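**Student:** Before anything else, here's the structure in question.
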Amino acid sequence: MKITRRALLGTAGALTLPTLSGGNAFAQKAEFNYKFANNLPVSHPMNVRAKEMVDAIRKDTQGRVNIEIFPNNQLGSDSDMLSQIRAGGIEFFTLSGLILSTLIPVASITGIGFAFKDTESALKAADGELGAFVRASIAKSSLISMDRIWDSGFRQITSSTKAIATPEDLKGMKIRVPSSPLWTSMFKAFDAAPTSINFGEVYSALQTKVVEGQENPLSIISTAKLYEVQKYCAMTNHMWDGFWFLANKKAWERLPADLRTIVAKNINEAALKERADVAALNAGLQKELSDKGMVFNQPRIDAFRDYLRKANFYSEWKGKYGDEAWAILERATGKLA
Ligand code: X2X
C-alpha cells in the first residue's frame, strides 16, 4: 500500500503515525507516563530534538519519567490541544505565544509586527525581562511554561497567486492566519482578508484555494511541504514567532522536586539545540525552496512598518497590553508606538 504524503503529514486525520518515542515499551515500568503534543511535522527540529530529550529524561530519571511525543496535530488542532492541556488530558504542549494569547492575552507580545531586528534580539527578549513577564502571566493560569522558548523563526508570506512586494499588494488578499487576535488585527491593518485556520488544515486550504496564501517561517514552509501548493514567497520577516513549552500545572507539581529539576533541565537544553537547528535551517532554505520552484522576492520592509504605524496598529496594541508590558517590549526593541 502506498502511503500518500498527505496522510504522512497528518492532514488526512484518520491515519496516525507511530509516535516518536516508542513510549509503550517503557510505559509499564515508568512511574510517570506523560504526553507531549505539538503541531509540527516529525522532521521539524522541534520533534528531532524532543525525541533526544525524552530519551535523555528517561535515562536521567532511571526510567521513572516516560514522555511520549504526539507530533503533527495527531491529538487535534492547537485549539484542541490547548483545551486538553488545560484539562490535564495531555501534560506538555508547545504553543506559539500568539495562539496562547487566546488564553493569556499578553503572550502574543513577542509577535508584534516588525518589532525585532533579528532572531538574536527576539530570543534575548524571550530569555529576558519580556519572556519572564509572559511566563509570570502563564503561571497565573492552570499552566506553567519552561524558561526557554523554542524558536520558530521569522515569518514570510507565501501565495499561489502573486508576489507581495509592497503593503498595497496585501489589499484584499485571502490569507490564512493562525487563530489569534494579533494575527487577524495585523493583516486587517494591511487591508488583507485574513481567515483563521488551524495549522492541520493549512495544506488542504491552500491546495483547494480556500485561501491564496499563508505566512510561516521557511523551516515550516519546508517541513510541512507548503511549497507544493504555493508559488511565491516574500521575505517580509514580518513577525518573529516562538513556542512556549507548556506544562499542565497539576501534572508538573505531581513530579517530585528532584525529577522536576531533571525534566526542566533537559527540556530547556533541548530548546537551545532546537534554536540552533532552526536558525541554520531558516538561513539555508531559500536556495533549496527556489530549486523546488518557489519564486522569492525581498520587499522593502520599512514600507510595511510605516503602513502599520499609519493604521495605528502599534498604538492600538500598546493600549491592549498596557503601559507596563509595552515599556518592557520597547526596552528590547526600541521605540515602536
Ligand atoms: O500555525 C502555524 O502557522 C504555526 C505552525 O506556525 C504555528 O504554530 C503558529
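Laboratory data are not the source of any read-out in this text; all were calculated from the coordinates shown. Fair warning: this is a prediction, and the values are worked out from it, not measured in the lab. Counting neighbours? That spans all protein chains shown, and the Cβs are built from the backbone with ideal geometry, glycine included.
**Student:** Suppose only helical runs count, i.e. DSSP H with n ≥ 4. What mean residue ellipticity at 222 nm does that imply for the chain under -39500 (n - 2.57) per run, divided by all residues and rounded to the nearest 500 deg cm²/dmol?
**Tutor:** -13000 deg cm²/dmol
**Student:** Any idea how far the Cα center of the stretch 64-139 sits from the one of the stretch 285-337, in Å?
**Tutor:** Value for the Cα centre distance between the two parts: 19 Å.
**Student:** Could you give each residue of the stretch 270-281 its phi-based ³J(HN,Hα) in whole Hz, using Karplus coefficients 6.51, -1.76, 1.60 with θ = phi - 60°, and x for Gly or Pro?
**Tutor:** 5, 4, 5, 5, 4, 4, 5, 4, 5, 4, 5, 5
**Student:** Let me ask something else about it. Expected output is a single nm value to one decimal: the length gained when fully extending between Lys188 and Thr208, i.e. 0.36 nm times separation in residues minus the C-alpha distance. What is it?
**Tutor:** 4.9 nm is the gain from fully extending Lys188 to Thr208.
**Student:** Now for a separate question. Listed highest first by mean packing, meaning other Cβ atoms within 10 Å per residue, what order do 182-193, 307-318 come in?
**Tutor:** 182-193, 307-318
**Student:** Right, something else. If amide hydrogens are placed 1.01 Å from N in the peptide plane, which non-local residues have theirs closer than 5 Å to the one on Ala193?
**Tutor:** When sequence neighbours closer than 5 places are left aside, the close amide H contacts are Gly172, Met173, Lys174, Ile175.
**Student:** Quick one: Karplus J couplings for the stretch 151-164, per residue in order, coefficients 6.51, -1.76, 1.60, θ = phi - 60°, nearest Hz, x for Gly and Pro?
**Tutor:** Result, rounded to whole Hz: 7, 10, x, 7, 9, 10, 9, 10, 7, 9, 10, 6, 6, 9.
**Student:** In nm, to one decimal, how far is the modelled label at Ala87 from the one at Ser160, with both set 7 Å along Cα→Cβ?
**Tutor:** 3.4 nm
**Student:** Within 10 Å, count the other beta carbons around each residue, average over each peptide in 285-296, 228-239, 104-115, and list them highest first.
**Tutor:** Output ranking for 285-296, 228-239, 104-115: 104-115, 228-239, 285-296.
**Student:** Short version: ³J(HN,Hα) in whole Hz for each residue of the stretch 106-113, in order, from phi by Karplus 6.51 cos²θ - 1.76 cosθ + 1.60 (θ = phi - 60°), x for Gly and Pro, what are they?
**Tutor:** Residue by residue, the stretch 106-113 yields 6, 5, 7, 4, 6, x, 4, x Hz.
**Student:** Something else about it: Quickly work out the Glu330-to-Asp80 label distance, labels modelled 7 Å from Cα along the C-beta direction, and quote it in nm with one decimal.
**Tutor:** Here the modelled spin labels are 4.3 nm apart.
**Student:** For the stretch 161-223, what is the relative contact order in percent, using Cα pairs closer than 8 Å and at least 6 residues apart in sequence?
**Tutor:** For the stretch 161-223, the relative contact order is 36 percent.
**Student:** May I pose another question? Let a ≥ b ≥ c be the square roots of the eigenvalues of the Cα gyration tensor of the stretch 156-205; is it rounded (a/c under 1.5), or, if not, prolate (a/b larger than b/c) or oblate?
**Tutor:** Oblate, since a/c reaches 1.5 and b/c is not below a/b.
**Student:** Output the pairs from Lys124/Lys231; Lys117/Lys209; Lys117/Lys249; Lys117/Lys318; Lys35/Lys249 with a Cα-Cα distance over 22 Å in this structure; if there are none, say none.
**Tutor:** Listed pairs above 22 Å: Lys124/Lys231; Lys117/Lys209; Lys117/Lys249.
**Student:** Take the Cβ-Cβ distance between Lys171 and Glu201 as r, set R0 to 35 Å, and report the resulting FRET efficiency rounded to the nearest 0.05.
**Tutor:** It comes to 0.90.
**Student:** Additional query: For an R0 of 51 angstrom, estimate the FRET efficiency from the Cβ-Cβ distance between Leu272 and Arg309 and round to the nearest 0.05.
**Tutor:** 0.90
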